[in-house]
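Reviewing the structure listed below.
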């Protein structure tokens, strides 16, 4: 009996020691106290906004001297056509019926409304506006025949690169059965193509060159209108440049002051240099004492900052973006350029 009691007493002591050891276990094996701070939860840093694809910005616009008016003119089949060397050219076939049909449609209420709406859906603003005094044609528009279905339109790059013609012409072609062949270049070259007999009508934007075209006998009055030149839509030229604007063009009182600041600071400027309507407008904005004209000799001393590209609007915008330069462009082409991430479709 004594042995049994001794055994039980020893067992109780061993169990007590085990329990005591358990209560002294290292803290790492115990549940955290209620007062400990909760574990830190890692969160993702806010995503950075992607860099703008185009750094070139509109710096100056809506100056009265930057108005940009577009005019359509039918080619006279009896005009004194010449080749590029000035030699007379005979037997030029001008599609007068097709030219009349396209001009009548461009001046119809349908086409004018389309031109006014162009750009609103994609850009939230108008790329072109209809002139308040634009004539509206409400007569019959002739459908195409086998002899008249091909129309040659010589036009400026701005109505092509902006997408306006791709927006308008399919409607005309589908409804009346014509096929419009579009040749696009600067206004000077577009007019030259007509003088060579390679166009049935022109759509351009340089009043001085248009007036000469009429005075030299290359234009005719289309039935339903009063004069050879039919001006119907407009927008504005804009002065664009790098967002940093080192010349301070955006702060200038007038666009001519902005051009003077660019010249004074010798900041890179990209000129169309192609005799286009845009080029013609640009030349009128430089300070007269610089003497910059279309002649290469006039800016020979400025080539460290003045680049005469002899190229279309889209190509020049790409150059300005790449070189961080200033440029004069029509607003429609510029907005299209930005929307296409620095490309011209």
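Details
- The numbered conditions (1) outside the structural domain of residue 126 (by TED's automatic domain parsing); (2) in contact (Cβ under 8 Å) with a residue 40 or more places away in the chain; (3) under 23 Å from the mean Cα position of the chain (by Cα) are all true for residue 248 except (2).
- The listed residue being in a strand (DSSP E or B) and either touching a helix residue (DSSP H, G or I) at 6+ places or on another chain (Cβ under 7 Å) or assigned by TED's automatic domain parsing to the domain that holds residue 120 (or both), out of 327, 292: 327
- Within region 130-175, tally of residues that are part of a strand (DSSP E or B) and at pLDDT 95 or above: 7
- Matching option when the condition is more than 30 Å from residue 73 (Cα to Cα), over 12 Å from the mean Cα position of the chain (by Cα) and surrounded by fewer than 22 Cβ atoms within 10 Å (Cβ to Cβ), among 309, 261: 261
- Against the numbered list (1) within 30 Å of residue 113 (Cα to Cα); (2) buried (at least 23 other Cβ atoms within 10 Å of the Cβ); (3) without any contact (Cβ under 8 Å) to a residue 40 or more places away in the chain, residue 227 comes up short only at (2).
- Matching entry among 304, 297 (being farther than 15 Å from residue 283 by Cα and free of Cβ contacts under 8 Å to residues at least 40 places away in the same chain): 304
- Of the residues making up region 48-105, those that are surrounded by 12 or more Cβ atoms within 10 Å (Cβ to Cβ) and closer than 18 Å to residue 221 by Cβ number 20.
- Residue match in region 146-156 (condition: within 30 Å of residue 338 (Cβ to Cβ) and without any contact (Cβ under 8 Å) to a residue 12 or more places away in the chain): no
- Evaluating residue 222 against the criteria (1) in contact with a helix residue (DSSP H, G or I) (Cβ under 9 Å, 6 or more places away or on another chain); (2) under 22 Å from residue 91 (Cα atoms); (3) outside any loop (DSSP other than H, G, I, E, B) leaves one unmet condition, (3).
- Filter result for residue 270 (within 28 Å of residue 204 (Cβ to Cβ) and either in a strand (DSSP E or B) or in the same structural domain as residue 127 (by TED's automatic domain parsing) (or both)): yes
- Residues of region 181-210 satisfying the condition of being assigned to a helix (DSSP H, G or I), under 20 Å from residue 86 (Cα atoms) and out of contact with any helix residue (DSSP H, G or I) (no Cβ under 8 Å at 6 or more places or on another chain): 189, 190, 192, 193
- Every residue from region 264-277 that is at pLDDT 95 or above and within 28 Å of residue 193 (Cα to Cα): 270, 271, 272, 273
- Count of region 312-324 residues which are assigned to a loop (DSSP other than H, G, I, E, B) and under 24 Å from residue 233 (Cα atoms): 1
The values are calculated or read from the model by the stated rules, or taken from the named source; none is laboratory data. Bear in mind the structure is a predicted one, so any value in this text is a computation, not a measurement. Heads up, the Cβs are rebuilt from the backbone with ideal geometry, glycines too, and the neighbour counts pull from every protein chain shown.
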